[in-house]
Amino acid sequence: MTSDITEAAAWRKLHEHHGAIAGRHLREYFAEDPERGRDLVIEVGDLRIDYSKHRVTRETLALLVELAREAEVPARREAMFRGEHINTSENRAVEHIALRLPAGESLMVDGADAGAEVHEVLRRMGVFTDALRSGQWRGATGERITTVVNIGIGGSDLGPVMVHRALRHYADAGIEARFVSNVDPADMVAALRGLDPARTLFIVASKTFSTLETLTNATAARRWLVAALGEAAVAKHFVAVSTNAERVAAFGIDTANMFGFWDWVGGRYSVDSAIGLSVMATVGKERFAEFLAGMHTVDRHFATAPLEANAPVLLGLLGVWYSNFFGAQSRAVLPYSNDLARFPAYLQQLTMESNGKSVRADGSPVRTSTGEIFWGEPGTNGQHAFYQLLHQGTWLVPADFLGFAAPTDDLPTADGTGSMHDLLMSNLFAQTKVLAFGKTAEEIAAEGTDPKLVPHKVMPGNRPSTTILAPKLTPSVVGQLIALYEHQVFVEGAIWGIDSFDQWGVELGKQQALALAPLLTSAEDPAPLDDSSTDALIRWYRAHR
Ligand code: F6P
């Protein structure tokens with residue numbers, strides 16, 4: 001599709017259709033179609049995805065699928081799976097799907113067999129993490145490694161942080177993982193607190209190995225280690241994950257202890273590459289393989305399921321439906337699992353760095369809003385914070401609820417008769433029900449409520465949500481969830497005609513920070529800056545630091 005999506009026939013039809021159904025209520029949809037809650041469900045791998053509480057009719061869904069066809073989503077998807085350079089602004093293939101191919105399956109990318117290369121790196125990661133976990137790999141003084149500290153930022157941090165936390169119950173070798181990302185020294189100082197250098201291994205994770213925050217933190221970590229154990233200890237206490245062997249060597253890390261990946265893996269799509277080394281160190285290569293297999297299950301579904309029954313396609317289309325036709329700006333992600341507390345933050349980079357674009361792949365301005373704003377907190381904490389706005393505010397905020405049949409931990413309820421996990425899940429079900437169906441003024445008045453309070457208590461309902469359930473938060477399920485969102489991002493980007501795989505918008509800030517840094521501390525008063533606000537802010541900082 002070369003023309004703008006707003007010119008598609010399906011787009012125009014969707015506009016008309018939206019006009020016709022926007023005023024209708026989910027209560028009506030469920031009353032008219034009692035089977036809706038059982039029909040509008042897709043099962044993929046272990047995931048049960050209920051999309052019945054969305055403001056769509058079967059006609060809406062058909063039109064959205066028509067839109068995907070007009071936007072040539074299937075052709076774009078196949079181009080990705082074939083290894084074509086669909087990241088056009090960086091002239092790169094986009095092959096995170098190759099990271100989870102089963103052993104023996106090949107995929108040619110830029111003339112090399114990506115499948116074989118991936119499995120060679122996985123093999124090396126397995127050998128290394130086996131040695132760490134068994135105690136065969138020792139620190140410079142002969143001690144076992146008991147803590148790995150991952151130093152990285154963005155995609156080199158958020159994925160490992162999130163997956164590590166999600167799989168904390170699978171950490172079975174006495175290795176703890178900590179994470180440092182921010183160039184705020186408080187982050188490093190807090191992460192090192194209580195650590196014994198002799199038992200600590202640093203994983204410097206950076207695709208480019210040029211990221212200021214990571215190199216600054218890695219240097220600080222190195223000083224901390226060398227101060228305690230001497231220069232010769234670095235080889236046993238530092239490994240690197242990167243695509244750039246030259247820079248790794250220049251930093252002083254032996255490239256024999258480097259785990260590589262490729263420029264066809266975007267940073268925010270890299271937790272399943274060697275960037276996941278800290279996760280593999282804590283849970284082991286077998287659990288990591290299950291995590292990859294979970295992703296592959298969803299990849300196969302995305303590649304082969306008909307569009308009408310394709311979960312990432314439908315969920316991506318629903319994202320477009322609310323963003324572009326209802327004017328929704330954001331999507332809440334609400335995991336009813338404390339172990340998924342960092343999932344919303346992980347998705348923020350995945351979705352917003354991918355689809356926060358104002359020009360189409362050909363450089364022309366987009367004519368629609370793009371890039372849903374993702375945010376969220378685990379239930380039930382969010383219920384006591386921002387759900388008020390979700391229920392009664394003026395914004396329409398579609399929400400994704402995530403929950404599990406089996407708990408990762410459980411305790412009895414206050415009266416000792418029930419399970420706290422059941423209580424947690426009853427909250428999830430209650431929230432999706434209240435968001436969808438609300439409570440009318442008549443129902444509230446019928447309860448004898450003071451008439452003056454009735455308008456305050458009205459719950460409008462008609463607020464859409466997806467509910468994603470799985471039996472348990474396993475490595476495979478975490479992989480399935482990640483791939484489900486990765487492919488939604490793909491679908492939305494394909495509809496909007498943007499390049500979802502570059503991130504030029506983060507560059508200028510990096511350059512400006514480097515240019516401004518000397519002005520903060522220079523002995524001489526700096527020359528006035530070209531804008532009075534930044535100039536005054538820096539002068540204030542100089543006076544007060
Ligand atoms: O913030 C921009 C970005 O390039 C992200 O896309 C990336 O995940 C992050 O920086 C870290 O990059 P690197 O892994 O090269 O250090």
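The values are calculated or read from the model by the stated rules, or taken from the named source; none is laboratory data. The shown structure was predicted, so the numbers you read here are calculated from the model rather than taken from an experiment. Heads up: the accessible areas ignore ligands, DNA and RNA and are worked out on the full protein's heavy atoms, side chains in. Shrake-Rupley method; radii C 1.70, N 1.55, O 1.52, S 1.80 Å.
Each listed q (0.12, 0.23, 0.26 Å⁻¹) maps to a log10 I(q)/I(0) for segment 1-89 from the Debye sum over equal C-alpha point scatterers, namely -0.54, -1.12, -1.21.
Note that segment 139-149 has calculated 3J(HN,Hα) couplings of x, 4, 9, x, 7, 5, 7, 10, 9, 10, 10 Hz, one per residue in order, obtained from phi through the Karplus relation 6.51 cos²θ - 1.76 cosθ + 1.60 (θ = phi - 60°); glycine and proline are x. For Phe259, nonlocal amide neighbours, meaning residues 5 or more places apart or on other chains whose placed amide H falls under 5 Å from its own, are Ala240, Val241, Ser242.
Using only Cα atoms, figure out Rg for segment 121-201 and give it as a multiple of 2.2 N^0.38 Å.
The reported ratio for this selection is 1.13.
Hull volume per residue, based on the alpha-carbon atoms of the chain and their convex hull, is 199 Å³.
Sequence-distant contacts, meaning Cα pairs under 8 Å at least 6 residues apart, place the relative contact order of segment 96-283 at 29 percent. What the phi angles of segment 327-336 give under the Karplus curve with 6.51, -1.76 and 1.60, with θ = phi - 60°, is a coupling list of x, 5, 9, 9, 10, 8, 10, 10, x, 8 Hz, glycine and proline written as x. Given in Å, the Rg to one decimal and the Dmax to the nearest whole number for the Cα atoms of segment 96-283 are 15.6, 48.
In the context of the full set of protein chains, the chain has a per residue accessible area of 42 Å² (1.4 Å probe). Gain on full extension, evaluated as 0.36 nm per residue between Asp113 and Asp196 minus their Cα-Cα distance, stands at 25.7 nm. Contact order, relative form, for the chain: 19 percent (alpha carbon pairs under 8 Å, 6 or more residues apart, mean separation divided by residue count).
The Stokes-Einstein estimate for segment 447-526, based on a Kirkwood radius over Cα pairs and taken at 20 °C with 1.002 mPa s viscosity, is a diffusion coefficient of 111 µm²/s. For segment 344-353, putting each phi into the Karplus relation 6.51 cos²θ - 1.76 cosθ + 1.60 with θ = phi - 60° gives couplings of x, 5, 4, 5, 4, 5, 4, 8, 7, 6 Hz, in residue order, rounded to whole numbers and with x for Gly and Pro. Quick one: angle between helix 285-304 and the longest Cα principal axis of the chain, in degrees between 0 and 90, rounded to 10, please. The angle comes out near 40 degrees. Here's how it looks for Leu402: its modeled amide H is under 5 Å from those of Leu334, Tyr336, Ile468, which are all 5 or more places away or on a different chain. In the chain, the calculated helix contribution to ellipticity at 222 nm averages -13000 deg cm²/dmol per residue, counting -39,500 (n - 2.57) for every DSSP H run with n ≥ 4.
Taking every Cα-Cα distance in segment 325-473 and sorting them into 5 Å bins from zero, the calculated P(r) comes out as 2, 8, 15, 17, 16, 14, 12, 8, 5, 2, 1, 1, 0 percent. Close amide-amide hydrogen proximity is noted between Arg178 and Val148, Val149, Asn150, each under 5 Å apart and 5 or more residues distant or on a separate chain (H modeled in the peptide plane; Pro and chain starts excluded). Across the cross-link table entries Lys13/Lys357; Lys207/Lys510; Lys53/Lys439, which are compared at the Cα atoms, the separations over 23 Å belong to Lys13/Lys357.
The Rg/Rh ratio of segment 202-327, with both radii computed over alpha carbons and Rh defined as the Kirkwood radius, is 1.14.
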